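The structure appears right after this line, and notes come after that.
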Number of protein chains: 2
Amino acid sequence: MNTADLGLPVDVPSTALFTDHYELTMLQAALHGGTADRRSVFEVFTRRLPEGRRYGVVAGTGRVLDAVENFRFDAGVLNFLRERNVVDEPTLAWLADYRFSGDIWGYPEGEVYFPGSPVLRVEGSFAECVLLETVILSILNHDSAIAAAASRMSSAAGDRPLIEMGARRTHELAAVAASRAAYVGGFATTSDLAAGFRYGIPTVGTSAHAFTLLHDSERDAFRAQIDSLGEGTTLLVDTYDVQEAVKTAVEIAGPKLGAVRIDSGDLLLVAHRVREQLDELGAKDTKIVVTSDLDEYAIASLAAAPVDAYGVGTQLVTGSGHPTCSMVYKLVARAESADPDAPLTAVAKKSAGGKTSVGGRKWAARRLDRNGVAEAEVLGTGAVPAELADRQLLVELVRGGEVVAREPLDAVRERHIAVRDGLPLSATQLSRGEAVIPTEYQ
Amino acid sequence: MNTADLGLPVDVPSTALFTDHYELTMLQAALHGGTADRRSVFEVFTRRLPEGRRYGVVAGTGRVLDAVENFRFDAGVLNFLRERNVVDEPTLAWLADYRFSGDIWGYPEGEVYFPGSPVLRVEGSFAECVLLETVILSILNHDSAIAAAASRMSSAAGDRPLIEMGARRTHELAAVAASRAAYVGGFATTSDLAAGFRYGIPTVGTSAHAFTLLHDSERDAFRAQIDSLGEGTTLLVDTYDVQEAVKTAVEIAGPKLGAVRIDSGDLLLVAHRVREQLDELGAKDTKIVVTSDLDEYAIASLAAAPVDAYGVGTQLVTGSGHPTCSMVYKLVARAESADPDAPLTAVAKKSAGGKTSVGGRKWAARRLDRNGVAEAEVLGTGAVPAELADRQLLVELVRGGEVVAREPLDAVRERHIAVRDGLPLSATQLSRGEAVIPTEYQ
């Protein structure tokens, strides 16, 4: 396969190391005990949404498919496991031949989810499925957290475009996945070149305060930028005095100046003043971009301000208060023997003290009300009721180890917007509340 | 260079893509305008600590050195920049020859920092320094956030070892850096195999609930695990009934059972009961490991409980409420011309509305009181006062583009513990408060 398809902007020999030690020791014990081949069903779900959130957003599915496809143990990895005595020789031999050969179904990427929604279902032998736990959860927990924040921000921003610019606030490779997830959640562009390289997301950016400070005067800096990048560029106007900077900017660039960026101060007030000043100077088409620790609330509070675009960094890449989802990967059913035709038995943790879950291989459907608006997330383990048959949420992603459902990121992004539009209106309220539709078990 | 030295567990052609679009457009404009070669000093610092925190922890410096060393634009990257019209041909030509040739000084990794501390200082031409902003901040902001949380947890845990097990709660590669940062902050081991592979951090783990559920009975599961992993293994005892499980565990493993793990319920209560039961069964040396959404407060609350080790996941990799630091990379001084001997002028953003900073190339020293306890973080731009000369904090990391200060992770970890021990006692209070020592500007 093309290493550019790995979900990273880099060559990766394998995703198999993104795995917790205990997945391999469980494998060893199951191989030794004769239970490794029992057909098993694992499901990914959350027990709750982050506090106050109305819906979750599934993101990272495409990266999961890449990770599964590339999950293999080459000589370097096997040597490491041997030297560290992580597992024994029979287990190493088994790992050397590892290829996932099972089936994966899941919510299509960009879909929304609710407590209990089986966003991914992995089915195969216990051995081949258990190994995938860590990397699948890493991807879905991270990417879905970012996409959920992005979705709230994009709904708060309405038609105004959002620029993802949080790379400096998160791990350098998490940043690439964050740009991707932000795009899924409705962002328009990113500052991150790696995200442009890897996922084709449009990249943007012009200058920082350092560029102005490098020059002997703001005027020199603006002239240098306009000379090189053209009048359509965005000038940063808050290094010294904003009013003076806007005047200088239009003097140098003329009324066709592309945009000005404001990165500090009372954005509501400053945006109004700058708009007025630009209009007076005849720069009626010059846009105003604001950036400064924005989150969905700040974006919403600027709805009435003359702002044309928002740049969002920290709060986006940290999930706006919820940097990870609480998705878990749980064994929900398994065969009673290694016989491929053995029936599946539902299983679940049962101890007192929480963390219990619902056993059994589940279907999921979203019931609509008479107006076509989502009304409930319905889950069950038996037959799907006829009236919900065409509202099922799980789609086939991997069949017998082969990925069967790759899709372009733009399709994922469009799906998310469409699905979000099908939720009750209160879904996009920013105030804290419960999940916007209930989860019902049948 | 060896690609294993890149700070990632994977081959990376370059770190140059982990860069914001605007760094390159600033470069283009500066090259075009003749200011690109002005000698410049950038400093990394925070304006504040996360709310309530007493100190910050510098982590990621080693990864920064790897990233700088590997920051280069190969043909694939240059083609991407050309096709997307990110910058013009003269800039692409300049990038093709890019090698950082300047100097970097910084707080040694594992040091603590306070508001304003110049944790890293990058000096060279504007062009070569400005490009490094994004990747340097990505690494330091992420890694330092994790290390700060780890440090609080390890101080709360006292002599009991901490296991990092948060890979599933963060991006798969951020997880590797998080394990590294946790180790710097005092953690003992990790569940993440990639962190073991890349950084040599000891990896641990035995089994999950899925392993128990795979079997026809808990007894079968325990027997399979003991048979394969030996009596020294750790059995997970909270899948069904804890008391029953502990009884079964000791029956099968005997009194030399290594440990039991409790992952749910009222850990304080359950740990006491399990300890009592183990002692009654003669398993006096069997340890108790607890894991279940622990943070520094939960760890502290278990200080009096008979717990031998803590496993920490979510709260560690999300920085225990502060998933990123607010480090910025600011131009603080630059020459007035491209002449290499031109004097440096201090510069700083000055607009109303916040985000101002202190210009000038700074020294930093930690003043001690008569008992040798840290008393103040002293920063200045002039000559270092004689009494602080031997308390300076910045060390040379890169000289003329060559890394001169690599060090083993264990040395970094030891430094952190020693430095933390030199802070006033209130530093390790978990309650919210101000920075434990003030920052003074001279």
Report summary line: Cα gyration tensor of the stretch B:92-169 diagonalised, 5x eigenvalues square-rooted, in angstrom largest first, produces semi-axes 34, 16, 9
**Report entry** Only Lys, Arg (+1) and Asp, Glu (-1) charged, at Cβ; the protein assembly as shown dipole about Cα centre in debye
**Finding:** 1380
Report summary line: The extension gain from B:Ala411 to B:Thr439, computed as 0.36 nm times the residue separation minus the Cα-Cα distance, is 7.4 nm
Report summary line: So the FRET efficiency between B:Ala376 and B:Glu336, C-beta based with R0 = 45 Å and rounded to 0.05, is 0.85
Query raised in the report: Over the protein assembly as shown, what percent of the accessible surface lies on carbon and sulfur atoms, probe 1.4 Å?
Result: 48
Requested in this report: Taking 40 Å² as the minimum loss, tell me which residues in the stretch B:211-236 lose that much accessible area going from the chain by itself to the full protein complex (1.4 Å probe).
Outcome: B:Phe211, B:Leu213, B:Leu214, B:Asp216, B:Ser228, B:Leu229
Report summary line: Inter-copy distances for B:Gly422, label 7 Å out on the Cα-Cβ vector, sorted ascending, nm, one decimal, are 6.2
Query - Coil-residue trypsin sites (Lys or Arg not before Pro) of the stretch B:90-182, DSSP, other Cβ within 10 Å capped at 13 - result: B:Arg99
**Report entry** Nearest-ten-degree value, helix A:242-253 long axis tilted from longest Cα axis of chain A
**Finding:** 80
Query raised in the report: Hey, what do the phi angles of the stretch A:128-139 turn into as Karplus ³J(HN,Hα) couplings, whole Hz, using 6.51/-1.76/1.60 and θ = phi - 60°, x for Gly and Pro?
Result: 6, 7, 5, 5, 7, 3, 5, 5, 5, 5, 3, 5
Query raised in the report: Using the per-residue mean of other Cβ atoms lying within 10 Å as a proxy for protection, in what order, highest first, do the peptides B:316-322, B:241-247 fall?
Result: B:316-322, B:241-247
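Have a look at the DSSP beta bridges in chain A and tell me what percent are antiparallel, nearest 5. Before the final figure, lay out the partial values.
Numbers: 33 of 52 bridges.
If I count the DSSP bridges inside chain A, around 65 percent turn out antiparallel.
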Query raised in the report: So which residue, out of B:Arg84, B:Arg261, B:Arg399, gets the largest mean-square fluctuation from a GNM of chain B using Cα contacts under 10 Å as springs?
Result: B:Arg84
Query raised in the report: Mind checking which of A:Phe42, A:Phe211, A:Phe80 has the largest fluctuation in a GNM of chain A, springs on alpha carbons under 10 Å?
Result: A:Phe80
Requested in this report: Please give the total accessible area that chains A and B bury against each other, computed with a 1.4 Å probe and expressed in Å² to the nearest 100.
Outcome: 8400
Report task. Starting from the Cα gyration tensor of the stretch A:364-442, take the square roots of the eigenvalues, sort them a ≥ b ≥ c, and report rounded, prolate or oblate (rounded when a/c is under 1.5, otherwise prolate if a/b is larger than b/c, else oblate). Result -> oblate
**Report entry** Shortest-first nm distances, B:Pro385 label point to equivalent points in other copies (7 Å, Cα→Cβ)
**Finding:** 7.7
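Just to confirm, what accessible area per residue do you get for chain B at 1.4 Å probe, in whole Å²?
Values: 15420 Å² over 442 residues.
Accessible surface, normalised per residue, equals 35 Å².
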Query - Hz values of 3J(HN,Hα) by residue in the stretch B:167-177 - Karplus curve (6.51, -1.76, 1.60), Gly and Pro given as x - result: 3, 5, 9, 8, 3, 4, 8, 4, 4, 5, 5
Query - About the Cα centre, charge dipole magnitude for the stretch A:158-318 (Lys/Arg +1, Asp/Glu -1 at Cβ), debye - result: 460
Requested in this report: Considering Cα pairs under 8 angstrom that are at least six residues apart, work out the relative contact order of chain A and quote it in whole percent.
Outcome: 23
Requested in this report: For a label point 7 Å from the Cα of A:Ala418 along Cα→C-beta, name the residues of the stretch A:79-121 whose backbone N is under 15 Å from it.
Outcome: A:108-112
Requested in this report: Starting from the amide H of A:Thr189, placed 1.01 Å from N in the peptide plane, find each other amide H under 5 Å away whose residue is 5 or more places distant or on another chain.
Outcome: A:Leu162, A:Glu164
Requested in this report: Under 25 Å Cα to Cα from B:Lys350, which lysines show up? Leave out anything in the same chain fewer than 8 places away.
Outcome: A:Lys247, A:Lys287, B:Lys330, B:Lys362
Query raised in the report: What are the residues whose amide H is under 5 Å from the amide H of A:Lys349, where those residues sit 5 or more places off or on another chain and H is modelled from the backbone?
Result: A:Ser357
Query raised in the report: What's the long-distance tail for chain B, i.e. % of Cα pairs beyond 26 Å?
Result: 61
Query raised in the report: Any idea what angle helix B:409-421 forms with the longest principal axis of chain B, computed on alpha-carbon atoms, 0 to 90 degrees, nearest 10?
Result: 90
Query raised in the report: Residues with amide H under 5 Å of B:Ala309's amide H, sequence separation 5 or more or different chain, H placed in the peptide plane at 1.01 Å from N; which?
Result: B:Ile288, B:Val290
Query raised in the report: Inter-copy label distances at B:Gly52, 7 Å along the Cα→beta-carbon direction, one decimal in nm, shortest first?
Result: 1.5
**Report entry** the stretch A:341-346 - phi-based ³J(HN,Hα) in whole Hz, Karplus 6.51/-1.76/1.60, Gly and Pro as x
**Finding:** 9, 4, x, 8, 10, 5
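The values are calculated or read from the model by the stated rules, or taken from the named source; none is laboratory data. Predicted, not measured: the structure shown is a model, and the values here were computed from it. Note that we place each Cβ from the backbone using ideal geometry, even for glycine, and neighbour counts take in every protein chain shown. When the accessible area is computed, the model is the full protein with side chains, heavy atoms only, and any ligands, DNA or RNA have been set aside. Shrake-Rupley method; radii C 1.70, N 1.55, O 1.52, S 1.80 Å.
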